[in-house]
Amino acid sequence: MVDTAEGEAAGGRGTSGVRQVAAGGAAGRWAPGDHILWRYRDNADPGRFHICRPMTVVQDTEELLAVWMAPGTACIKPVLADGTPVHHEPLATRYTKPRRTTRDHWFGTGVLKLARPGDPWSVWLFWEQGWQFKNWYVNLEQPRRRWSGGIDSEDHFLDICVYPDRHWEWRDEDEFAQAQRDGLMTNARAAEVRSAGRAAIAQISAWRGPYSDGWEDWRPDPAWDVPRLPEDWDRTPDRLRS
């Protein structure tokens, strides 16, 4: 998974009139411009959240949830107990040393996240400065659970990077292997994650949506505010939704 500090489009422009963390609109859907939370549970303790990112809804339909993380968004990320960034720790001890969470900001140019219900991955789009499209990033993860204020998932370590010339490559295979060695993922779950990755690669190879849908040409509504990070960002979901 891309770290908060590493911030390395068929959809039309969103609407203005942003609402803070939403309860969901008609038919349980969020409206363009709503603010929601995109959270990940701690792999070592699924009872707690260790990543939280406020997002602005671009589109929410039965087929696709699209959300935007603006540059400068305040986020929650994990660090080691002494404040050391997780990725500065050698891989052998990265997942065994005590951790805590800290507030930070997304320092990249912004990220568009696309998620289809039931898919064990989401697809993220990255741009360079000046809206030069950089790549798609397939984040393998537990299918997301919706609740009134956002969506929750668990990261599965392994990822796939997809480039504009349509070639792809596995990412973070070393972290994926270490997570298994440290007992954060069973052999059965690891096999499921690999299978999910192969299914994602089949879509890439066929160049189906979202890669063929023009999302790289999407741009956020300039009237949108940057969502705030609520004090109760780690609250227990009050109402789960399918």
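Any read-out appearing in this document is the output of simple, stated calculations on the displayed coordinates, not a laboratory observation. A quick note: this is a predicted structure, and the numbers were derived from the prediction, not measured. Note that each Cβ is placed from the backbone with ideal geometry, even for glycine, and that neighbours are counted across all protein chains shown.
Between beta-carbons, use under 13 Å as the cut-off and find the net charge around Ala70, counting Lys and Arg +1, Asp and Glu -1. Mind showing how you got there, number by number?
Details: positive: Arg53, Lys113, Arg219, Arg228; negative: Asp221, Asp225.
It works out to a net charge of +2.
Using DSSP to define loop residues, name the GluC sites (Glu not before Pro) in region 48-134 whose beta-carbon has at most 10 other beta-carbon atoms within 10 Å. Show your work: numbers first, answer last.
On the way: sites: Glu62, Glu63, Glu128; in loops: Glu62, Glu63.
Answer in residue order: Glu62, Glu63.
Suppose the chain between Ala202 and Arg145 were pulled fully straight at 0.36 nm per residue; how much longer would it get relative to their current alpha carbon spacing?
On the way: separation 57, 0.36 × 57 = 20.52 nm, distance 2.44 nm.
Fully extending the segment from Ala202 to Arg145 adds 18.1 nm.
Please list, in order along region 181-191, the HN-Hα scalar couplings obtained from phi with the Karplus expression 6.51 cos²θ - 1.76 cosθ + 1.60 (θ = phi - 60°), rounded to whole Hz, x for Gly and Pro.
Once θ is set to phi - 60°, the couplings for region 181-191 become 4, 8, x, 8, 8, 6, 4, 5, 5, 4, 5 Hz.
If you build the convex hull over the alpha carbons only and average its shadow over all orientations, what do you get for region 144-237? Give it in nm² to one decimal. Kindly include the intermediate steps, with their values, before the conclusion.
Details: hull surface 36.0 nm².
Directional mean of the projected Cα hull area for region 144-237 stands at 9.0 nm².
With +1 on each Lys and Arg Cβ and -1 on each Asp and Glu Cβ, how big is the dipole of region 4-229 about its Cα centre, in debye rounded to the nearest 20?
560
Quick one: if you stick a label point 7 Å off each Cα along the C-beta vector at Leu91 and Trp131, how many nm between them?
Placing both labels 7 Å beyond Cα along the Cβ direction yields 3.8 nm.
Looking at region 144-211, which trypsin sites (Lys or Arg not before Pro) are DSSP coil and have at most 13 other C-beta atoms within 10 Å of their C-beta?
Working: sites: Arg144, Arg145, Arg146, Arg166, Arg171, Arg181, Arg189, Arg194, Arg198, Arg208; in loops: Arg144, Arg166, Arg208.
Filter output for region 144-211: Arg166, Arg208.
Once you put a point 7 Å from the Cα of Ala81 and another 7 Å from the Cα of Ser195, both along the Cβ direction, what distance in nm separates them?
Rounded to a tenth, the inter-label distance reads 3.8 nm.
Which distance in nm do the two modelled labels at Asp165 and Asn187 give, with both placed 7 Å along the Cα-to-Cβ direction?
Between Asp165 and Asn187, the simple spin-label model gives 3.9 nm.
Express in nm, to one decimal, how much length is gained between His105 and Thr236 on full extension, taking 0.36 nm for each residue of separation and deducting their alpha carbon distance.
Working: separation 131, 0.36 × 131 = 47.16 nm, distance 2.30 nm.
Residue separation times 0.36 nm, minus the Cα-Cα distance, leaves 44.9 nm.
Give, in nm to one decimal, the length gained when the segment between Asp225 and Gln180 is fully stretched (0.36 nm per residue of separation minus the Cα-Cα distance). Don't skip to the answer; put the middle values down first.
Values: separation 45, 0.36 × 45 = 16.20 nm, distance 4.02 nm.
Length gained, Asp225 through Gln180: 12.2 nm.
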